[in-house]
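Visitor: What follows is a single structure, and I will ask about it in a moment.
The values are calculated or read from the model by the stated rules, or taken from the named source; none is laboratory data. Values in this document were obtained by computation on a predicted structure and should not be read as measured data. We place every Cβ from the backbone using ideal geometry, glycine too, and count neighbours over all the protein chains shown. In case anyone asks, the SASA skips ligands and DNA or RNA and just uses the protein heavy atoms, side chains included. Shrake-Rupley method; radii C 1.70, N 1.55, O 1.52, S 1.80 Å.
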Amino acid sequence: MSVKFSVSGLKETLSAFDEFREQFGDKDAKSKVLIPAVREAMKPVLAMAKSLSPKDTGALDRSLYITARRPSRKDMRSRYITPKDSIISLVSTKPIPKKLKEKFRAEYGSLTGKDYRKAKKKFYSEHGALYDARAISNEFGTAKMSAKPFMRVSLESQAQSVTTRLGSILKQKMDSYKAKNLTKGK
């Protein structure tokens with residue numbers, strides 16, 4: 001018994017991608033199309049993470065955000081990112097700006113223990129920093145607390161939605177780009 005199958009439309013799809021890459025240029029395709037598309041596609045993951053996160057103060061919800069960018073050298077150390085990845089997107093907690101950290105250390109660097117932690121919390125909240133270190137503790141657990149993951153669960157449960165959204169967003173961008181360029185050529 002033999003089974004035959006065929007794939008149609010693959011050549012046309014690949015040629016459309018080649019045309020898209022040539023006309024957009026590699027740098028523009030990443031910055032003007034891919035980064036916003038990936039960020040938009042990750043919105044269901046952010047919504048799910050916010051709904052699953054601990055609700056005691058609400059600071060963790062407010063500190064969650066989406067970032068989409070080209071991978072850095074530090075990102076390349078992750079086992080989830082490869083050199084072939086052109087764009088990555090993360091749902092994470094907002095980092096505290098480096099200058100604000102330096103300012104805190106200059107003012108309160110001599111404190112220790114509970115006084116240090118209280119001063120840190122007060123200082124950052126006064127300066128609008130919404131960093132909530134409990135995200136890591138909840139996600140991975142500590143010596144005294146078991147893990148209660150909410151970010152990984154969010155990504156895993158929304159993976160199909162993200163890929164579907166990304167595909168439709170990219171299709172829409174390509175169609176609008178193609179339509180715009182067809183009208184220019186006439």
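Visitor: Only one of Ser89, Ser146 is within 22 Å of Ile35 (Cβ to Cβ), outside any helix (DSSP H, G or I), within 28 Å of the chain's Cα centre (by Cα) and not aliphatic (A, V, I, L, M). Can you tell me which? Give the steps one after another, and end with the answer.
Guide: On the way: Ser146 fails: within 22 Å of Ile35 (Cβ to Cβ).
Every option except Ser89 fails the conditions.
Visitor: Can you tell me how many residues in the stretch 76-94 are of a type in the set (Asp, Glu) and modelled with pLDDT of 90 or more?
Guide: Just the residues of the stretch 76-94 that are of a type in the set (Asp, Glu), to begin with: 85.
Narrowing the set further to residues that are modelled with pLDDT of 90 or more leaves none.
Number of matching residues: 0.
Visitor: Here's something else I'd like to know. Go through the stretch 95-109 and give me each residue that's modelled with pLDDT of 85 or more and open to solvent by 70 Å² or more (accessible area, probe 1.4 Å). Quick ask: steps written out before the conclusion?
Guide: Within the stretch 95-109, the first condition is being modelled with pLDDT of 85 or more, and the residues that meet it are 98-108.
The answer is Lys98, Lys99, Lys101, Glu102, Lys103, Arg105, Ala106, Glu107, Tyr108.
Visitor: For Phe123, all conditions in the list (1) over 18 Å from the mean Cα position of the chain (by Cα); (2) at pLDDT below 85 hold save one; what is the number of the exception?
Guide: (2)
Visitor: Let me ask something else about it. Of these, Lys118, Lys173, which one is over 28 Å from Pro44 (Cβ atoms) and part of a helix (DSSP H, G or I)?
Guide: Values: Lys173 fails: over 28 Å from Pro44 (Cβ atoms).
Result of the check over Lys118, Lys173: Lys118.
Visitor: Additional query: Condition first: free of Cβ contacts under 8 Å to residues at least 60 places away in the same chain, under 16 Å from Leu64 (Cα atoms), open to solvent by less than 60 Å² (accessible area, probe 1.4 Å) and of a type outside the set (D, E, K, R). Now tell me which residues in the stretch 125-178 satisfy that.
Guide: Gly128, Ala129, Ala133, Ser137, Pro149
Visitor: Still on this structure: Considering only residues that are in contact with a helix residue (DSSP H, G or I) (Cβ under 8 Å, 6 or more places away or on another chain), in a loop (DSSP other than H, G, I, E, B) and open to solvent by less than 30 Å² (accessible area, probe 1.4 Å), which ones fall in the stretch 45-59?
Guide: Scanning the stretch 45-59 gives a single hit, Ser53.
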